[in-house]
1. Output ³J(HN,Hα) for the range 69-84: one whole-Hz value per residue in order, computed from phi by the Karplus curve 6.51 cos²θ - 1.76 cosθ + 1.60 with θ = phi - 60°, and x for Gly and Pro.
2. I need to check one value: relative contact order of the range 8-85, counting alpha carbon pairs closer than 8 Å and at least 6 residues apart, in percent.
3. Which order do the peptides 58-66, 18-26 come out in when sorted by mean C-beta neighbours inside 10 angstrom, highest first?
4. Which length gain, in nm to one decimal place, applies between VAL148 and GLN90 when the Cα-Cα distance is subtracted from 0.36 nm times their residue separation?
5. Rounded to the nearest 0.05, what FRET efficiency do MET22 and LYS160 have when you use their Cβ-Cβ distance and R0 = 25 Å?
6. Taking 8 Å as the Cα distance limit and 6 or more residues as the minimum spacing, I'd like the relative contact order of the range 121-181 as a percentage.
7. Using alpha carbons only, what's the Rg to Rh ratio of the range 8-85 with Rh from Kirkwood?
8. Starting from the Cα of ILE10, step 7 Å along the direction of its Cβ; do the same at GLU37; then give the gap between the two resulting points in nm.
Amino acid sequence: MATERDWIRIDLRHQEEQAQQMKDHELALHLLAGFAEEGKGRSTRSITKYPKKGGPDARAGMRAIARIIRREMKGFVGEFLALGFDPETQSKYPAPTKSGRLQPTVRISVAPVGRRQKPTVLRDILIAAYIRRALSDSARLVGASVRVKRESAIEAATKKFKISRTRAQQIWKNHEIMMARGLDREPSATK
């Protein structure tokens, strides 16, 4: 029978796994979309900058993508794909080879398209989410009009993300259009 100590160990293991999954997603976003956090504590800010090709951040992103693939795609296809991103991590699948494990059959590399443009898509999504959260927090304010609440949320976003008011308004307008079309949700797997 499981004791309280056993349940605490299980819970701690689960929390560690969740923390690793979140870190993997952060590393993958940094590699694939150029999203990163800079600074510590209150001075933390979101930046858009791709890691240097072949550098430690890029390699960490490739390993993170491989871990995500291994968690989400079981079987040989997922394992071969993960080995393409991270050939250094030994496969858990046995194979009739000298090492006794599956070996990579392809090498996958990631490079940003259009180096001249800074990646802003993810930043815009973060800004829209920030404005939406600010609006839901201000919903408790009684007496203020919707327009005043929206303008207050947009103003807060301009300060946090260091963008112009016009750009913040455009991002929010585009987000509202996407919401009206139902494009703010993930695509359905049943289509």
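1. 4, 4, 6, 8, 10, 7, x, 5, 4, x, 5, 5, 5, 4, 5, x
2. That works out to 25 percent.
3. 58-66, 18-26
4. Going from the current span to full extension adds 15.2 nm.
5. 0.75
6. 38 percent
7. 1.05
8. Inter-label distance under the simple model: 3.0 nm.
Each value in this text was obtained by applying a stated rule to the coordinates, not by laboratory testing. Since the structure is predicted, the reported quantities are computational estimates derived from the model, not experimental observations. Using ideal geometry, Cβ is built from the backbone for each residue, glycine included, and neighbour counts are taken over all protein chains shown.
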